[in-house]
Structures are given as C-alpha cells and as structure tokens.
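S.K.: Next up is a structure, given as structure tokens.
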Amino acid sequence: MLSVGIMLFSSSLFQLDLSRFFVNQMIEQASSLVVWYGFVLVVGWGSFPLAFRLFRDFPDRGYAFAKTLGLLLVAYLTWMVSSLGIAPYQWFSIGLVLGGYGIGNLLLVRRDFRAMLSWWRAHLRPVLLMEGVFLVVFLGGVVVRMYNPEITGAEKEADLTLLNAVVQSTAFPPPDTWFAGETVNYYYFGYVIWGTMIKATGIRAAVGFNLALATIMALGAVGMFGIVFHVTRRRVWGGLGICLLVVFGNLDGLIQIVERHGRLLPFDWWRSSRVIPDTINEFPYFSFLLGDLHAHFMAIPFVLLLVGLLAQLLSTLRRTLRQEAWPELGVLACFASLSLGSTAVINSWDYPTALLLTGACVGIGLCVSETAMSAGRRGLLGVALFGSIVAVSRLAFWPFYQHFTPQITASALRLVSPLQRTELRYFFIIYGLFLFVLASFFAQRVWLAMASRPRLSREKRLVWGNVVLLAVALVVVCTSLRVLLLALGISGGLLYALYREIRESSRFVLPFVLLALAFLIVAGCELVYIKDFYGHPLERQNTIFKFYYQAWMLLAIGVPCLLALMARRQQRFPATVRHGWKAAFVLFCGIGLIYPALATYEKTNQFRSREQGGPPYVPTLDGIRYLAFRHPAEYDALRWIQEHLAPDAVILEATGRPYSFFGRVATTTGRRTVLGWGNHEALWRDQSWQSILERTEDIRRIYETPEKSAVLPLLEQYGVEYIYVGTLERETYDRRGLEAFGEAFPVVYENRGVRIYGVGGGATD
C-alpha cells in the first residue's frame, strides 16, 4: 500500500508539473500570437497613408497591400542601414527605422488628411471586410500550424537555419551557420523580412517560423482580394480569387478518392504535389501545409504587391502622360522598382517573370494612353521607363549582389527532349479548374461572335470549323507536343482577346496579360529547362516546380476576372446552358476543396494533439518543441546553448546525410558549425563538392583522432570554440576518439546524453 501511495503521489506531482508546463506553453503561445498580430496590424495601419497615395485608382486605395508594403519597407530600410554599416542589425536600429517610417507616413496624413478622412467614412465596411479576411485566414493558418508545428522534414531545417542565421546576425550578409567562416550565398531577403519581425517582437524564431507561415497566407489572401476587386469591382470575385490562391488544390484529390473506390481516408497529402513524374508540382496550400518557410512560398504576398503596383502603373499611363503627372509617375515607378527588385532577392526564380510582366504593363500602358503622343515618342518613353525601373530594381539591392555569386546562369539552359515533355493528362490534373474556366471563356466568345454575325456564309463557317478541328487534331496527334501546343494556343487566344478588350476597359487588360504570361511560362517549360544541381531523372524538377508555381499564382488572379467578364454576357445564353455551366463550375470548385479538407485532416492527425514517441501535448506554435519528446537530452542541451553561448559561437557537430537530424545545433540555435547539410552547401556555393568533402573529412578527423593535440590546427582553422558530442556523434564516429575529448578539453555542459567541451577555455555567459 505504501508503494502504491508513493507511486500515486509521484504521479500526481508529475501531472502537476506537466500541467504547469502546458499552462506556461499556452501563455507563451497566446502572448506571441497577440504581439505578432498586433505588430502586423500597426505596420499596416502605419503604411496606409503611403498606400493611399500610391494606389490612386484602386477602390480600396491600396489598403489590401498596406501590410505587405509596410513589412517590405521596414525590412528593406533596416537591411540597408545595416548593409551600409550605418548601424548594426539589432532591435535598436529596427526601432529607429520604425520611428522614421511612422513619421514619414504621418507627414503624408497631414497632406492628405481631408481626402483620407472622406475615404474612411465612405469605405469603412470594405476595410472591416479586408481586416476580417486577414484575421480569419491568419487564425485558420495558426490553428493548422499548432497541430502541425514540427520544424523537421523536407526543407524546414534548412529554412530555420537561414532564418536563425539572420536573427542571430548583426550585419549583412548573414553568416552561413552551416558553413562556418563564410556568409550566406542564397537569396535570403525573405528571411530578413520575417527575421526583422522576430527581432522587433522578441518572439523566438521557432515560434515566429510558424507564425510567418500563417501570415504569408493571410497577406496573400488580402492582396489577391485587392487586385481582383480592383479589376472587377465585385467582392464575390475577390473571394473566389482568395480560394483559388490559398485554399483550392489540384484535381489529384478526386483521383485518389476514385482509386480507393470512394474511401476518403487515409489520404496521401504528399502525392498531390508530385503529379508529373520526377518533378515537383506544389501549389500554395500544399506549401503551407508542408510548412517549409521556403523562398517560393515567402514570395507570394510580395509578388502580389508587384502586380498591384503594375496595375496602378498601367492605369496611370493610360490616364495621362502629361508633364504635370510625371512626379506621380516617377514615385510610382520607384516603388515598382523596389518591389521588382525584392522579387529577385526573395526568390530569384520569380525575377524573369516579373521582368516580363513589368515590360508588358509599361508597353501596353503607353500604347493605350489617352494622351496625344507620336508612336516614336511613346516607344522612347517606354524604353526609358522600363530601363529605369529595371536599373533601380538592381541598384536598390546593390549590397546583396556585392556578396552573392549565382550558381545558375544563362548557360545552364538546356533543350527539353521529347521523352521529358509533360503528358497532357498531368497538365489537366494540375490546372483543371483554370482550364475549365478558360475553355468556357473561349466557347462563350465564339458563340457570341457567331451569333452576332448571322449573315456569315455557310462556306466561312465550314472553313472556321475545319480550322478548329484541325487544331484539335494537331494537339491530339502530336503526342510529345500536346502541352506545348495547347499552352501556345491558349496564350494566342488570350492575346487576341486582349487586343479586343484593350480599348474597352483598362482594368481588364491586366488579367489577360497575366493569363497569357502564365501559359507562355508553361510553354517555355516544354521547350527548355535550367540545368542545376540535380541529375537524371530530376533535370526538370526545379524548373517545373518554380515556374508552374508562378503560373498558378497568375492564373488565380486572372481567372476570377475572366469569370466577371463572362457574367456580364451570361443572359444571352439559354437558361439550361447557364444552369448547366454553373453546376459544372461548382463541381470543379468542390473538387478543388477535396485536397485542403482531407490533406489538412490527415496532416494534423485529425486535429488531435500528439507526439510520436512521446506523451500527448497541447497544440503549440513552437516548432522545435517536438525535440523535448523525441530527443529530450538534445533539447535541453540546445536550449542551454541558446541561453548561454554567444550568438557568433562556432560549435563543432557531426555532419551526415541531408534531410535528417544532422546539423541540428546550427539549425535550432543559430550558432555556426563547420558543416551542416553538405548537399545544400554544394547547391548554394560549390557544386564541385570539393570544399564540402574537405570539411567532411576534417570533421571526421577531429572527432576520431585519439591525440587531440594533432587536430588543434583544424580547430583553429575553422574557429571552433565548442565541441558537441550527442546522439549523432556517438552513432557516426569512433568511440575512442570521442572519449579522448575529456582528456584534452574541459566539459562546459553535460546531461544524460550530451556533452559540450570548451576549446581554448571557451567562455559561457
């Protein structure tokens, strides 16, 4: 009985301790959530005076972009101040930038006070709607992340490494914590944006990581609403744009259900991103659910900001080219340049597409301008304006390019062989809903054209019918060229529709440009690919991944606008046709909802708190909390490093296979190590692998050499201050070499599974 009583008492103490831990976790999560959301809200409100002046022709005056614009500018100004050596990258400098930025916007309020006050009175409901959209998407994203928070698997460790490198740094470029002694050679500016938020709010990086994922979705949703609402002036189409961008998935969800004869679960949430064999076919909701804070996903709201600025530029050019409007045009062009430049340093893959889009908007805007001007002068002005925007976009990020060496250049372009080209069925699975709307749009246009010309001769109708049949037959027969021909055909049809629409409504010019560009991107992927680090059969993996992702975003903007155009003419069709089409469209939307519904349910373990290999735990935003259950000794040691060792400390740890627990010290603490994931460093800086292999061998020698005095030159070469010996080190290296550390160096930290040795009397705080 006594033993039972002791056991019950011990159990109650454990439960009490666990309850206290859960309460503390919940308090931290709640406070982090409120502080983060409040910061975004304040930055957005503080940026609205600037957005109000930039987006003059938008019905919301840029309110949908205010948060994104503010986050970009605050991060950019802080980064520039630190990059130029004016002030270190610390909370103090961020505070100064925030203060100066706020004062600048207050001056704008003073200039536009009456206009802004009048606008607020007339548009309070739309503002509340957009804030509601942001809050709902943000909180929904937070809930999903809380049940799926682990920063492990896929690219998450690499992403956290880059984020921590920025957060722990005081200067730019940040140190490469997976390659001690060198700086990051990657397009890292997206991590500067979120790292600046983390520094400003004081939230831990492992928590900020998941909050950033939810914020990107919310910013993307509001930005999408702003663009589509600007074009269509209808909120319903803005809502559809949100669904197409951040909610809907591809058609693979339906295919999985059919293959399982109607069973919904289990659902393979990963498979839907690998439709085309040996490639990656992500879409925004998959990226969010996967949880990689990767460049292509971080770029979403900032690409939308660029699209919004270009839409305003297009509208301004169409409205006037008179000399008195040049100051307005110049300011708008400067911010478009900054936005364009940011796409290159957030996700370099977006820059070519952004350049094409910028050139198209400038060219079309000048062509349709209502100002009297000769064609020659328009052409010269277009070249000057586009050239200036591109030049400023590069100059604005000059400090980045001073230290960045691209691993991929134009010489990496390769022709796609017939065997590598995409099969038509995969193309339909990925873009099925978009293709349905486009096919409907073309069918409507043809129907109306035929109906408006009742006197069209029977011979001409037969000729056009035969042309259509011949085009369809060509697509069917040319097996390896089906996607290429279809994409080119759709692009041609959209450009023709653009030509017909261009004089009627300047607002609807943009969606046609975006849609045509999307299919030109797809066509380009069928002609060439960019040869990078990956060999056969993954040669096209990154090309398809990055450019198909851009195409999805462009289609998500353009398709709701097409639907708005179609809705204007729907009454000319019989009721049976209208109702049948609506039923088909609702069906496609329902199919698009299959993935987010089932994949979320599966990925979050049916929204049940759990931890593999450990006890249940409350939902959390702490992305490394899972280590407390899977690797408790390692978790305690890593927390000790965060709390006691200098941010620039160099800690030796084992190196090994990528996409694993290797590199965990640098990843979770932001301290530097000799080598993390070798394949990533090879991709980022040395595709020959020479330096990676050298460091791998040096690390092995340090750990396995029994006579530690013999490896002191290596420790000095890499600036190693501490040596970490944990689970992976004992599994990877010879035991005799590990035991010899105790004779050569003092132990600065030890627990049941980890020892940390100080090299040269390494000090702790």
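The values are calculated or read from the model by the stated rules, or taken from the named source; none is laboratory data. As the structure is a prediction and not an experimental result, all values here were calculated from the model. Don't worry about glycine lacking a Cβ; one is built from the backbone with ideal geometry, like all the others, and counts go over all protein chains shown.
S.K.: Only one residue in 538, 554, 565, 514 is modelled with pLDDT under 95, in a helix (DSSP H, G or I) and among the aliphatic types (A, V, I, L, M). Which one? Write out each step before concluding.
M.R.: Details: 538 fails: in a helix (DSSP H, G or I); 554 fails: modelled with pLDDT under 95; 514 fails: modelled with pLDDT under 95.
Going through 538, 554, 565, 514 in turn, the sole match is 565.
S.K.: Within the group 204, 271, 263, 235, which residue is within 20 Å of residue 34 (Cα to Cα) and surrounded by fewer than 24 Cβ atoms within 10 Å (Cβ to Cβ)?
M.R.: Numbers: 271 fails: within 20 Å of residue 34 (Cα to Cα); 263 fails: within 20 Å of residue 34 (Cα to Cα); 235 fails: within 20 Å of residue 34 (Cα to Cα).
Exactly one residue qualifies, and that residue is 204.
S.K.: Then there's this: Which condition does residue 369 not pass, out of (1) part of a helix (DSSP H, G or I); (2) touching a residue at least 12 places away in the same chain (Cβ under 8 Å); (3) not aromatic (Phe, Trp, Tyr), if it passes all the others?
M.R.: For residue 369, the exception is condition (1).
S.K.: Before we move on, is residue 484 more than 30 Å from residue 682 (Cα to Cα), among the aliphatic types (A, V, I, L, M), part of a helix (DSSP H, G or I) and modelled with pLDDT of 80 or more? Talk me through it step by step, then tell me what you get.
M.R.: Values: more than 30 Å from residue 682 (Cα to Cα): yes; among the aliphatic types (A, V, I, L, M): yes; part of a helix (DSSP H, G or I): yes; modelled with pLDDT of 80 or more: yes.
Spelling it out, residue 484 is indeed more than 30 Å from residue 682 (Cα to Cα), among the aliphatic types (A, V, I, L, M), part of a helix (DSSP H, G or I) and modelled with pLDDT of 80 or more.
S.K.: Another question, if that's okay. Quick check on this structure: which one of 152, 161, 170 is part of a helix (DSSP H, G or I), hydroxyl-bearing (Ser, Thr, Tyr) and more than 18 Å from residue 67 (Cα to Cα)? If you could, list the steps in order and put the result at the bottom.
M.R.: Working: 152 fails: part of a helix (DSSP H, G or I); 170 fails: part of a helix (DSSP H, G or I).
Just a single option satisfies the conditions, and that option is 161.
S.K.: So, residue 291, is that one at positive phi and either touching a residue at least 12 places away in the same chain (Cβ under 8 Å) or touching a helix residue (DSSP H, G or I) at 6+ places or on another chain (Cβ under 8 Å) (or both) or not? Before you say what the answer is, go through the steps one by one.
M.R.: Numbers: at positive phi: yes; either touching a residue at least 12 places away in the same chain (Cβ under 8 Å) or touching a helix residue (DSSP H, G or I) at 6+ places or on another chain (Cβ under 8 Å) (or both): yes.
For residue 291, the condition - at positive phi and either touching a residue at least 12 places away in the same chain (Cβ under 8 Å) or touching a helix residue (DSSP H, G or I) at 6+ places or on another chain (Cβ under 8 Å) (or both) - is met.
S.K.: Have a look at 339, 315 and point out the one that is in a helix (DSSP H, G or I) and under 25 Å from residue 173 (Cα atoms).
M.R.: Working: 315 fails: under 25 Å from residue 173 (Cα atoms).
Residue meeting the stated conditions: 339.
S.K.: Filter the stretch 648-693 for residues that are more than 19 Å from residue 533 (Cα to Cα), without any contact (Cβ under 8 Å) to a residue 60 or more places away in the chain and surrounded by fewer than 20 Cβ atoms within 10 Å (Cβ to Cβ) and give the result.
M.R.: Within the stretch 648-693, the subset more than 19 Å from residue 533 (Cα to Cα) is 648-655, 660-674.
In the following step, the residues that additionally are without any contact (Cβ under 8 Å) to a residue 60 or more places away in the chain were identified as 655, 660, 665.
Of everything in the stretch 648-693, just one residue is more than 19 Å from residue 533 (Cα to Cα), without any contact (Cβ under 8 Å) to a residue 60 or more places away in the chain and surrounded by fewer than 20 Cβ atoms within 10 Å (Cβ to Cβ), namely 660.
S.K.: Please state which of the following conditions residue 602 fails to meet, knowing it meets all the rest: (1) of a type in the set (D, E, K, R); (2) more than 30 Å from residue 693 (Cβ to Cβ); (3) exposed (fewer than 15 other Cβ atoms within 10 Å of the Cβ).
M.R.: The failed condition is (3).
S.K.: Any chance the stretch 242-249 includes a residue that's in contact (Cβ under 8 Å) with a residue 12 or more places away in the chain, of a type in the set (Phe, Trp, Tyr) and assigned to a helix (DSSP H, G or I)? Step through it out loud before you land on a result.
M.R.: Taking the stretch 242-249 as the starting set, the residues that turn out to be in contact (Cβ under 8 Å) with a residue 12 or more places away in the chain are 242-249.
The next check asks that each one be of a type in the set (Phe, Trp, Tyr); those that pass are 248.
Those still in the list that are assigned to a helix (DSSP H, G or I) too: none.
Looking through the stretch 242-249, none of the residues is in contact (Cβ under 8 Å) with a residue 12 or more places away in the chain, of a type in the set (Phe, Trp, Tyr) and assigned to a helix (DSSP H, G or I).
S.K.: Does the stretch 410-419 include one or more residues that are modelled with pLDDT of 85 or more and surrounded by 14 or more Cβ atoms within 10 Å (Cβ to Cβ)?
M.R.: Yes.
S.K.: Which count do you get for residues in the stretch 367-376 that are loosely packed, with under 13 Cβ neighbours inside 10 Å and within 38 Å of the chain's Cα centre (by Cα)?
M.R.: Of the residues in the stretch 367-376, 1 are loosely packed, with under 13 Cβ neighbours inside 10 Å and within 38 Å of the chain's Cα centre (by Cα).
S.K.: Here's a follow-up. Scanning the stretch 79-133 for residues that are under 21 Å from residue 54 (Cα atoms) and either assigned to a loop (DSSP other than H, G, I, E, B) or in contact with a His (Cβ under 6 Å, 6 or more places away or on another chain) (or both), which turns out modelled with the lowest pLDDT?
M.R.: 112
S.K.: Shifting gears a bit: Could we say that residue 691 is more than 35 Å from the chain's Cα centre (by Cα), of a type in the set (Ser, Thr, Tyr) and in a helix (DSSP H, G or I) here?
M.R.: Judged against the criteria, residue 691 is not a match.
S.K.: Separate question: Is there a residue being assigned to a helix (DSSP H, G or I) and either touching a Phe, Trp or Tyr at 6+ places or on another chain (Cβ under 9 Å) or in contact (Cβ under 8 Å) with a residue 24 or more places away in the chain (or both) anywhere in the stretch 265-277? Don't jump to the end; show me each part of the working.
M.R.: Quick first cut of the stretch 265-277, residues assigned to a helix (DSSP H, G or I) only: 271-273.
Checking which are either touching a Phe, Trp or Tyr at 6+ places or on another chain (Cβ under 9 Å) or in contact (Cβ under 8 Å) with a residue 24 or more places away in the chain (or both) leaves us with 272-273.
Yes, the stretch 265-277 has at least one match.
S.K.: Next up: Being surrounded by 14 or more Cβ atoms within 10 Å (Cβ to Cβ) and outside the structural domain of residue 445 (by TED's automatic domain parsing) narrows it down to one of 595, 548, so name that one.
M.R.: Only one candidate passes the filter, namely 595.
S.K.: Going by the structure shown, is residue 308 in a helix (DSSP H, G or I) and at pLDDT below 95?
M.R.: No: the conditions fail for residue 308.
One line per residue, one yes/no per condition, for (1) closer than 13 Å to residue 152 by Cβ; (2) in a helix (DSSP H, G or I); (3) touching a helix residue (DSSP H, G or I) at 6+ places or on another chain (Cβ under 8 Å); (4) not β-branched (Val, Ile, Thr):
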| site | (1), (2), (3), (4) |
| --- | --- |
| 620 | no, no, yes, no |
| 624 | yes, no, yes, no |
| 646 | no, no, no, yes |
| 651 | no, no, yes, no |
| 657 | no, no, no, yes |
| 661 | yes, no, yes, yes |
| 665 | no, yes, yes, no |
| 681 | no, yes, yes, yes |
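S.K.: I would also like to ask the following. Being modelled with pLDDT under 95 and in a helix (DSSP H, G or I) is the filter; apply it to the stretch 700-709 and report the residue that is nearest to residue 654 (Cα to Cα).
M.R.: That would be 708.
S.K.: From 161, 196, 177, 215, grab the single residue that is buried (at least 22 other Cβ atoms within 10 Å of the Cβ) and more than 25 Å from residue 673 (Cα to Cα).
M.R.: On the way: 161 fails: more than 25 Å from residue 673 (Cα to Cα); 196 fails: more than 25 Å from residue 673 (Cα to Cα); 177 fails: more than 25 Å from residue 673 (Cα to Cα).
Every option except 215 fails the conditions.
S.K.: Right, here's the next one. Spot the failing condition for residue 321; the list is (1) assigned to a helix (DSSP H, G or I); (2) in contact (Cβ under 8 Å) with a residue 40 or more places away in the chain, and only one is missed.
M.R.: (1)
S.K.: Something else about it: Are any of the residues in the stretch 139-147 within 15 Å of residue 664 (Cβ to Cβ), out of contact with any Lys or Arg (no Cβ under 6 Å at 6 or more places or on another chain) and part of a helix (DSSP H, G or I)?
M.R.: So the first thing to find is which residues in the stretch 139-147 are within 15 Å of residue 664 (Cβ to Cβ), and the list is none.
No, the conditions are met nowhere in the stretch 139-147.
S.K.: Go through the stretch 422-456 and give me each residue that's surrounded by 14 or more Cβ atoms within 10 Å (Cβ to Cβ), modelled with pLDDT of 90 or more and among the charged types (D, E, K, R).
M.R.: Hit for the stretch 422-456 is 423, nothing else.
S.K.: Check off (1) closer than 23 Å to residue 514 by Cβ; (2) surrounded by fewer than 18 Cβ atoms within 10 Å (Cβ to Cβ) for residue 379 and give me the number that stays unchecked.
M.R.: (1)
S.K.: If I filter the stretch 525-532 for residues that are closer than 29 Å to residue 585 by Cβ and modelled with pLDDT of 75 or more, do I get at least one hit? Explain how you work it out, then say what you get.
M.R.: So in the stretch 525-532, the residues closer than 29 Å to residue 585 by Cβ come out as 525-526.
In the following step, the residues that additionally are modelled with pLDDT of 75 or more were identified as 525-526.
Yes, because at least one residue in the stretch 525-532 is closer than 29 Å to residue 585 by Cβ and modelled with pLDDT of 75 or more.
S.K.: Of the numbered conditions (1) buried (at least 24 other Cβ atoms within 10 Å of the Cβ); (2) closer than 30 Å to residue 653 by Cα, residue 185 fails exactly one; give the number of that condition.
M.R.: (1)
S.K.: Six or more apart or on different chains, Cβ atoms under 9 Å: show the pairs whose first residue is in the stretch 561-573 and closer than 12 Å to residue 512 by Cβ and of a type outside the set (D, E, K, R) and whose second is modelled with pLDDT under 80 and part of a helix (DSSP H, G or I).
M.R.: 561/507; 565/501
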